[in-house]
Ligand code: GRF
């Protein structure tokens with residue numbers, strides 16, 4: 001049997017890149033249906049870029065500061081980089097830019113995001129602080145398709161994480177992050193296999 005061609009994935013980051021690292025690690029498996037073909041950061045100083053380079057992954061920087069308030073110009077530059085690397089799937093991993101409907105619609109069903117909460121609960125920022133303030137007993141992480149409305153696209157995978165007595169935003173974040181690193185590679189596998197079958 002001929003192996004299915006691997007989906008070419010770009011991971012978009014702005015900072016630390018630990019979710020990116022979990023995707024890179026998973027994609028090292030010959031049987032994994034996707035390869036991390038590119039890591040793109042909108043910040044030249046993102047720590048994740050060093051990790052990616054160390055793993056011999058192609059990296060690119062599309063610095064949003066160069067485009068001022070012109071979001072679409074930034075996104076056109078980003079789109080050119082993705083097209084230049086023949087990217088099939090985009091994974092947002094701590095990518096801290098809001099994307100316009102123009103960009104999102106081009107990647108419908110092919111752009112994933114990881115969010116540190118059990119969506120639809122706690123959309124937006126500071127999810128761990130807000131979960132603790134709300135007194136929830138269960139928190140978690142969600143991988144979802146990106147839709148024009150923030151943190152609202154169809155859910156692909158979720159993991160529940162218990163909130164423990166004495167948790168601080170930091171201890172809770174660390175427990176949720178472990179779950180993120182587990183479910184993001186699983187979700188990307190699932191989406192890649194589905195797309196490969198359609199092709
Ligand atoms: C993660 O918690 C992710 O869910 C959120 O931002 C954080 C990024 O962390 N969107 P990292 O850069 O992947 O380490």
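Computed values, structure above
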quantity	calculated
The chain - mean residue ellipticity at 222 nm from DSSP helices (-39,500 (n - 2.57) per run, n ≥ 4, rounded to 500)	-12000 deg cm²/dmol
Centroid-to-centroid separation of segment 74-97 and segment 156-199 [C-alpha atoms, Å]	22 Å
Principal-axis tilt of helix 169-198 within the chain, Cα atoms, nearest 10 degrees	40 degrees
Rounded, prolate or oblate (a/c below 1.5 giving rounded, otherwise prolate when a/b exceeds b/c) for segment 1-53 by Cα gyration tensor	prolate
Candidates 170, 180, 72, ranked by Gaussian network fluctuation over the chain, Cα under 10 Å, top entry	170
Cβ-derived FRET efficiency at R0 22 Å, residue 174 paired with residue 47, nearest 0.05	0.80
On Cα atoms only, tilt of 71-84 relative to the major axis of the chain in degrees	60 degrees
Rough spin-label spacing in nm, given labels placed 7 Å along Cα→Cβ, for residue 164 and residue 182	1.4 nm
Highest-fluctuation residue, 114, 155, 183 considered, GNM on the chain with Cα pairs under 10 Å	155
Sequence of 107, 102 once ranked by neighbouring C-beta atoms within 10 Å, starting from the fewest	102, 107
Most mobile listed residue (34, 73, 52) in the chain, GNM with C-alpha springs under 10 Å	73
Gain on full stretching of the segment that runs from residue 58 to residue 28 - 0.36 nm per residue minus C-alpha separation	9.3 nm
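No value in this document is a laboratory result; all are computed from the given coordinates. For clarity, every value in this text was computed on a predicted model and none was experimentally measured. Note that we place each Cβ from the backbone using ideal geometry, even for glycine, and neighbour counts take in every protein chain shown.
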